[in-house]
Each structure stands twice: as C-alpha cells, then as structure tokens.
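Working notes for the structure below.
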Amino acid sequence: MQSLTGLVVCGGRSSRMGTDKGLIAWHGIAQRLFLYRMLEPLCKKVFISCNAGQADSIESGYDHIADDKKYCDIGPMAALLSAFNKYPGDSFLIVGCDYPFIKEEDIIQLINNRNENDNAISFFNEVTGFYEPLLAIYENKISDLLFHDFYLRQFSLQNILRRTGARKVNPIDMQHFKSIDTPGDQLTAVEQLKSRK
C-alpha cells in the first residue's frame, strides 16, 4: 500500500484550554514535537499542521504546512484540505495534538488495519458511537469528497467518515484516546501521567 504522510494537527484555536495545546509539554517537550517524532519512523515524511499565526513559531528542523487562507475557520478539515492541496498524491495519517495519552502502539494498530479498498480508517468509540477524526488515516482517493464538501460548506470530518463507511478500529485502551480540552482536564491528566511513570 501507499506510504503515509504524517500530519500532526495543532491549528485549532484552543479556546477552551486558553493556551496552545500543541505547546503543552506532556512528555518533556512540546506535544507537537513529541507526536512529530512518534510519527517519523512510521511515515515517509511528517508535517506539523498549523494555522497561519503559528507558522512562524514552528521549531527549526520540523516541517510544517500552514492552513491555506481560504480554509480559515472551518475546523480540522482545513488541515486535510491544505495538505491535499500541497501533496495531492499522498495519503495522510493525522494525529491531533490534544491526546497526551496516545502511544506509538496505537498508531501502529491503526496502520496495520489499513485496507486498500477503504477511503479512510479511524479509531471508533463504541460507547459514544463516534469516530475519532483526528486519529485516522485519510487515503488519497477521499480527497475529491473532501473538496466537494468544502464547496458545499459542509466541514464535518465525522460526517465524511460516516458517509464513506470508514473502517472502524476499536482501541486497545480507550484511556489513550481521552482528549484534553480544558485547564481542569489538564491538571487531571498531569497527575495521571505522573502515576503511569
């Protein structure tokens, strides 16, 4: 199967957190760098996906793709559209920066479940009934649908995964997929990470 391009998604506004979630050092370095390094051995190349305001702050030695201006304020779909614009022949493994408990073994599980007949594959939460759109692989052939949805003003990756019947992967440990979005969540997560070391 086609090699993957890794995309560390950190271009959100982090309004509930009040600080850039990609810069939180859950593991001793900024989370965007931690995830970049995690994806490097698993992908042919890796990029930090960021908004225009973050682009100048990306650390030296780390490749990035800034969201195209025409995709402003549409959520995480902006990351994928900008990436497909720049690398139209690639398939993308995307990981959001708000999952401090994610492990390399989880990403390997996702990759190992790829199938050439699928448009996308994503972790799936059986309890909530929702996909995890920022822990997913979007194959190149789904790009036309993404661009079509954009022109229809439909920006939900969740809906795209549902409509295309994206392959569901049940996580080994759902705790690895807890998204940290508020300062209260952050305090709890810090204590949990300490207890696991």
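The values are calculated or read from the model by the stated rules, or taken from the named source; none is laboratory data. None of these values were measured; they are calculated from a predicted model. Here the Cβ positions follow ideal geometry from the backbone for every residue, glycine too, while neighbour counts run over all protein chains shown.
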Segment 92-104, residues that are under 23 Å from GLN154 (Cα atoms) and surrounded by fewer than 21 Cβ atoms within 10 Å (Cβ to Cβ): none
Among (1) surrounded by fewer than 17 Cβ atoms within 10 Å (Cβ to Cβ); (2) of a type outside the set (Lys, Arg); (3) farther than 25 Å from PHE101 by Cα, the one test that ASP149 misses: (1)
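Quickly run through segment 25-63 and pick out the residues that are assigned to a helix (DSSP H, G or I) and without any contact (Cβ under 8 Å) to a residue 24 or more places away in the chain.
The first filter runs over segment 25-63 and keeps only residues assigned to a helix (DSSP H, G or I), leaving 31-42, 55-57.
Result: PHE34, ARG37, PRO41, ALA55, ASP56, SER57.
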Residue that is surrounded by the fewest Cβ atoms within 10 Å (Cβ to Cβ), among those in segment 152-179 that are touching a residue at least 40 places away in the same chain (Cβ under 8 Å) and more than 22 Å from GLN109 (Cα to Cα): SER156
All helices (runs of 4 or more DSSP H) inside segment 65-152 with 2 or more residues being farther than 14 Å from VAL169 by Cα: 77-86, 143-151
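Being within 25 Å of SER3 (Cα to Cα), surrounded by 14 or more Cβ atoms within 10 Å (Cβ to Cβ), at pLDDT below 95 and over 14 Å from the mean Cα position of the chain (by Cα) is the requirement here; does PRO88 meet it?
no
Look through segment 162-197, keep the residues that are out of contact with any strand residue (DSSP E or B) (no Cβ under 8 Å at 6 or more places or on another chain), aliphatic (A, V, I, L, M) and outside any helix (DSSP H, G or I), and return whichever of them is farthest from ASP20 (Cα to Cα).
First, the residues of segment 162-197 that are out of contact with any strand residue (DSSP E or B) (no Cβ under 8 Å at 6 or more places or on another chain): 163, 165, 172-173, 175-176, 178, 180-197.
Those left that are additionally aliphatic (A, V, I, L, M): 172, 180, 187, 189-190, 193.
Still in the list and also outside any helix (DSSP H, G or I): 172, 180.
Details: ILE172: 28, ILE180: 12 Å.
Ranking the candidates gives ILE172 first.
Restricting to segment 159-177, and then to whatever is under 21 Å from GLY75 (Cα atoms) and not charged (D, E, K, R), can you tell me which residue is modelled with the lowest pLDDT?
Of the residues in segment 159-177, the ones under 21 Å from GLY75 (Cα atoms) are 159-164, 166, 177.
This time we only want the ones that are not charged (D, E, K, R), so: 159-161, 164, 166, 177.
On the way: ASN159: 96, ILE160: 96, LEU161: 97, THR164: 95, ALA166: 97, PHE177: 86.
The extreme case among them is PHE177.
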Residue, surrounded by the most Cβ atoms within 10 Å (Cβ to Cβ), within segment 44-77, restricted to residues that are out of contact with any helix residue (DSSP H, G or I) (no Cβ under 9 Å at 6 or more places or on another chain) and farther than 24 Å from PHE150 by Cα: LYS45
